[in-house]
Amino acid sequence: MAIKIGIFSLPFLLAITLILVVDPFNFIGFGKAIRDSIKFPIARDLNPCFWQLNKFDKNPTENVLLGDSRMAPIDTDIVKQVSGEDYTNLGFGGGSVKEITETFWIVAKRQKLKNVFIGVNPEKYNDY
């Protein structure tokens, strides 16, 4: 009986081990076998908002940048040099006003915010 349970459990144990090692979105925080520089391009295409929010949870700041693909490339290191404060960039490609608003409220529940800069694409402004 124990052998049957072991054989039955083997695929689940392998799947759990693989998830822990790979952890594509750094959600669990256990898997360090794959560098973020390799994970990011894949995670960005699959679910950029989930990747960014997980990153924010691990290192929250009271200053955030929100927006679509026009806001996403802004380098927070340069913003820090100019402002003297840490920022997190939560801009992601294809972000709509609705998604930006939802992201704002998710972040506001997790961290008291001081400065929030929102980049809105005028073409998308009336979508919602």
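The values are calculated or read from the model by the stated rules, or taken from the named source; none is laboratory data. Quantities reported herein were computed from a predicted structural model and do not represent experimental measurements. Cβ placement follows ideal geometry from the backbone for every residue including glycine, while neighbour counts extend to all protein chains displayed. When the accessible area is computed, the model is the full protein with side chains, heavy atoms only, and any ligands, DNA or RNA have been set aside. Shrake-Rupley method; radii C 1.70, N 1.55, O 1.52, S 1.80 Å.
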Checklist outcome for this item: Checked segment 67-97 for anything assigned to a helix (DSSP H, G or I) and closer than 16 Å to Leu53 by Cα; matches are Thr76
Item to check | Asn54 in a helix (DSSP H, G or I) and either basic (Lys, Arg) or open to solvent by less than 30 Å² (accessible area, probe 1.4 Å) (or both) | outcome: yes
Checklist outcome for this item: Going through segment 65-82 in order, the residues found to be over 13 Å from the mean Cα position of the chain (by Cα) and either open to solvent by 50 Å² or more (accessible area, probe 1.4 Å) or within 13 Å of Ile106 (Cβ to Cβ) (or both) are Ser69, Arg70, Pro73, Ile74, Asp75, Asp77, Ile78, Lys80, Gln81, Val82
Checklist entry - If we scan segment 7-26, do we find a residue that is part of a strand (DSSP E or B) and either touching a Leu at 6+ places or on another chain (Cβ under 8 Å) or loosely packed, with under 10 Cβ neighbours inside 10 Å (or both)? => result no
Checklist outcome for this item: Of the residues in segment 31-42, those that are surrounded by 12 or more Cβ atoms within 10 Å (Cβ to Cβ) and in contact with a helix residue (DSSP H, G or I) (Cβ under 9 Å, 6 or more places away or on another chain) come to Gly31, Ile34, Lys39, Phe40
